[in-house]
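Novice: Shown below is the structure under consideration.
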């Protein structure tokens, strides 16, 4: 029989042993870990807390490691920045030193060379300092770089975006000089600054163009067709205030066409631009600094406002619509009921079809044409204004001018004869005298004349040739330019009151007088004539007979002709040739070249027949002298035997070419001549009016003390100095130095090469698109645009506008209230001035 039993005592012992073993293991675990709670069963709530704390401790340990890595990165960056700061401190010292006007161009170039090396070292540090293969000082920002400008401290590199169409929202924090000096090295490391004057509601940018390149640019959702009209590369800048919709272009020699279907609010600042609005109602403001510009309102009721400095011109076409146009040199309202506000002396305004209103407020003459429609004329001020109402019922609202000529309006006081085409000839009988009149204009023209109470016939239209009856004595006045008048064989009385005219007395003892006009020809012809000539740039011929000539006109030529003539000189820089006869002279001028007056002579004469040339040897140097006129010309010259300087005095149509293999030392007087130097280093001084001088090869020194002259350096490193205004300078090839010591609104262009400009007076038409140029600006209120090269600008003047355009430009600013636009490229700024924007 099988029986089952239990050893109760063993079971109890086994249980006790297991409990003791478990307790021992827990004790050993606690002793090993040092923790009372090692498992959830030890204390579930406590274990959960311990787990969370352990995770946080692990994270904190990693944070500590990251901090150590960041400290290492910053220490690496700090080492590079300390070197950058030292370099920038030296760069600031150079900038301050360069702003001192006591240094010459060579010293400034040496300073510039050191500055260039410093900038290269900074760029090298920027590119080479890395941590874990990452560049510490630069990174891309959404594929675009920021235009960085510091308005309150040293200017640092501008990473100009070449085409920004999106609104740029940037923040500005005032910084100390030391922070500014480090800013370049941290240009992208979460560093975003902007011009302090730039509101967040503006869009701005700069765009590079190759020669003759055209682009369609979208600005704030609106398209503009832009074309570079130059055969060299250049750039255009723009800024738009999105709050007002006003878009400003800074450009020269550009074609700008606005999108149709949008009303535009445009301002275009620069020179020689062509601007087209859209087909809606636009507002266009044109500020033309130099040359000829044009603006077309196109369709819509447009408002066009034009300002242009003296010597420049703007053609305005309103297009269809009821336009309001203020300013402009040649103004065309076109179709619509337009309002034309004439503010420029000598302007021509055409109302076009429609009932137009022409308001005039000037100091001298203007030409107003109502054309079709019932037009109104409001003359607030002016002198010798010509009003031709054209078709329709035309009204003079008020006439506060003087000597106003009125045709086809109420109260008309003048006569008119219409010519439909060029070279059309009509016989016009005035006061019983026949005049053969030919239209010299390339289109239709209107002959306008009045008869004064004295019986004088006053011709008041341009571009006509008028020939009087040969058998009558004429009493006439020429009041408009570009008129050729021929008298008769009797004693004529002729008064010339306008420039660019030619007057021929022909036979008889004529009395010819001019007012202060320029570029004229006065020919007494046969007879004992009395000629009184004022103004400048006059060609005066006494002709046959014993003439009495009084010359008040400077930069002029007198050929007294055959006979016993008397010449009274009352001005400077004159060529006086007596011709044959027993001539006498009274010389009250300076720089007068005299030949044909016996012991009063001080110059040798070269007589040139029509369209001829002669070779003349002076001081063992050959000069070819050419006359391209259809009549005789005289050239006078003299030599200074102490300095070996040769002085020439000649007039327009005369060209003098020097020997190629000789260095020339010449001084040029007179009006309108051309001179060519040689291939060596020439010294050419221009003292005349309208003279054009070419240095050709060699390192030439060229100086102008004249007016309306032109100097071209040609090849070589030339030095060109301008001491008077209204002159043009072209450096051409070579590293030229151009010194500008007088205000000027004509073209200044150094041409190819790395040129240096010393600008000591206001210039408004300086443009150089070749080379890496240096501009030392010691003047106020000027506009300068650089080119595609790496240009350097030192500004010590005030209220200047400087456009860097393309290239990596460098600016040092010491004046006040200057506007700087770096344009495209990596540009550097150091601002020691005040109010810079």
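The values are calculated or read from the model by the stated rules, or taken from the named source; none is laboratory data. None of the values given here were measured: they were computed from a predicted structure. Neighbour counts run over all protein chains shown; Cβ positions are idealised from the backbone, glycine included.
Novice: Being out of contact with any strand residue (DSSP E or B) (no Cβ under 8 Å at 6 or more places or on another chain) and either outside the structural domain of residue 460 (by TED's automatic domain parsing) or modelled with pLDDT under 95 (or both) is true for just one of 411, 401, 372, 390. Which residue is that?
Specialist: Matching residue, one of 411, 401, 372, 390: 372.
Novice: One residue is enough: does the range 588-598 have a residue meeting the conditions touching a helix residue (DSSP H, G or I) at 6+ places or on another chain (Cβ under 6 Å) and at pLDDT 95 or above? Give the steps one after another, and end with the answer.
Specialist: Within the range 588-598, the first condition is being touching a helix residue (DSSP H, G or I) at 6+ places or on another chain (Cβ under 6 Å), and the residues that meet it are 594.
Narrowing further to those that are at pLDDT 95 or above: 594.
Yes, because at least one residue in the range 588-598 is touching a helix residue (DSSP H, G or I) at 6+ places or on another chain (Cβ under 6 Å) and at pLDDT 95 or above.
Novice: Another question, then. Taking the range 763-784 as the region of interest, how many residues are touching a strand residue (DSSP E or B) at 6+ places or on another chain (Cβ under 8 Å), at pLDDT 90 or above and assigned to a loop (DSSP other than H, G, I, E, B)?
Specialist: Result for the range 763-784: 4.
Novice: Kindly check whether there is at least one residue in the range 714-729 that is under 20 Å from residue 627 (Cα atoms) and modelled with pLDDT of 95 or more.
Specialist: no
Novice: Hey, another quick one. Do we find a residue being in contact (Cβ under 8 Å) with a residue 12 or more places away in the chain and farther than 27 Å from residue 92 by Cβ anywhere in the range 790-811?
Specialist: no
Novice: I'd like to know if the range 565-576 contains one or more residues that are more than 21 Å from residue 529 (Cα to Cα), in a loop (DSSP other than H, G, I, E, B), in contact (Cβ under 8 Å) with a residue 24 or more places away in the chain and assigned by TED's automatic domain parsing to the domain that holds residue 659.
Specialist: There is no residue in the range 565-576 that is more than 21 Å from residue 529 (Cα to Cα), in a loop (DSSP other than H, G, I, E, B), in contact (Cβ under 8 Å) with a residue 24 or more places away in the chain and assigned by TED's automatic domain parsing to the domain that holds residue 659.
Novice: Quick check on residue 754: is it farther than 16 Å from residue 785 by Cβ and not in a strand (DSSP E or B)?
Specialist: Criteria met by residue 754.
Novice: Does any residue of the range 45-67 turn out to be within 30 Å of residue 130 (Cα to Cα), touching a strand residue (DSSP E or B) at 6+ places or on another chain (Cβ under 6 Å) and modelled with pLDDT of 75 or more?
Specialist: Within the range 45-67, none of the residues are within 30 Å of residue 130 (Cα to Cα), touching a strand residue (DSSP E or B) at 6+ places or on another chain (Cβ under 6 Å) and modelled with pLDDT of 75 or more.
Let's see how each residue does on (1) assigned by TED's automatic domain parsing to the domain that holds residue 361; (2) crowded, with 20+ Cβ neighbours inside 10 Å:
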| position | (1), (2) |
| --- | --- |
| 378 | yes, no |
| 405 | yes, yes |
| 420 | no, no |
| 440 | no, no |
| 461 | no, yes |
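Every residue, every condition in (1) in contact with a strand residue (DSSP E or B) (Cβ under 9 Å, 6 or more places away or on another chain); (2) modelled with pLDDT under 75, yes or no:
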position	(1), (2)
29	no, yes
32	no, yes
80	no, no
85	no, no
92	yes, no
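Novice: Could you list all residues from the range 710-723 that are crowded, with 18+ Cβ neighbours inside 10 Å and under 19 Å from residue 745 (Cα atoms)?
Specialist: Keep residues of the range 710-723 that are crowded, with 18+ Cβ neighbours inside 10 Å, which gives 710-714, 716-722.
Within the range 710-723, 710, 711, 712, 720, 721, 722 meet the criteria.
Novice: Name every residue in the range 733-751 that is closer than 19 Å to residue 705 by Cβ and outside any loop (DSSP other than H, G, I, E, B), in order of residue number.
Specialist: Answer for the range 733-751, where residues must be closer than 19 Å to residue 705 by Cβ and outside any loop (DSSP other than H, G, I, E, B): 737, 738, 739, 740, 744, 748.
Novice: Also: Assigned to a strand (DSSP E or B), surrounded by 18 or more Cβ atoms within 10 Å (Cβ to Cβ) and free of Cβ contacts under 8 Å to residues at least 24 places away in the same chain - does that describe any residue in the range 481-501?
Specialist: yes
Novice: Of the residues 265, 228, only one is under 16 Å from residue 823 (Cβ atoms) and within 24 Å of the chain's Cα centre (by Cα); which?
Specialist: Checking each option against the conditions leaves just 228.
Novice: May I pose another question? Look at residue 833 and say whether it is under 17 Å from the mean Cα position of the chain (by Cα) and more than 25 Å from residue 685 (Cα to Cα).
Specialist: Working: under 17 Å from the mean Cα position of the chain (by Cα): no; more than 25 Å from residue 685 (Cα to Cα): yes.
No, not satisfied.
Novice: Further, regarding this structure: Taking the criterion of being within 27 Å of residue 671 (Cβ to Cβ) and under 36 Å from the mean Cα position of the chain (by Cα), would at least one residue in the range 419-438 satisfy it?
Specialist: No: zero hits.
Novice: Among the residues of the range 513-532, which ones are touching a strand residue (DSSP E or B) at 6+ places or on another chain (Cβ under 9 Å), closer than 23 Å to residue 546 by Cβ and assigned to a loop (DSSP other than H, G, I, E, B)?
Specialist: Selection gives 524, 525, 528, 529.
Novice: What is the residue count in the range 353-371 for residues that are under 16 Å from residue 408 (Cα atoms) and either assigned to a strand (DSSP E or B) or under 30 Å from the mean Cα position of the chain (by Cα) (or both)?
Specialist: 5
Novice: Same structure again: Based on this model, can you work out whether residue 449 counts as more than 24 Å from residue 403 (Cα to Cα) and not assigned by TED's automatic domain parsing to the domain that holds residue 388?
Specialist: So residue 449 does not fit the description; no.
Novice: Please list, ordered by first then second residue, the pairs with beta carbon atoms under 8 Å, 6 or more apart or interchain, first in the range 585-606 and closer than 20 Å to residue 553 by Cβ, second part of a helix (DSSP H, G or I).
Specialist: Short answer, once both residue conditions are applied: 585/600; 587/600; 594/600.
Novice: Please work out which one of (1) in a helix (DSSP H, G or I); (2) surrounded by fewer than 14 Cβ atoms within 10 Å (Cβ to Cβ) is the condition residue 122 fails and give its number.
Specialist: Every listed condition holds for residue 122 apart from (2).
Novice: Could we say that residue 294 is over 22 Å from residue 386 (Cα atoms), in the same structural domain as residue 244 (by TED's automatic domain parsing) and modelled with pLDDT of 95 or more here? Break it down stepwise before answering.
Specialist: Working: over 22 Å from residue 386 (Cα atoms): yes; in the same structural domain as residue 244 (by TED's automatic domain parsing): yes; modelled with pLDDT of 95 or more: yes.
Answer is yes for this residue.
Novice: How about the range 436-454: which of its residues are touching a residue at least 40 places away in the same chain (Cβ under 8 Å) and not in a strand (DSSP E or B)?
Specialist: 440
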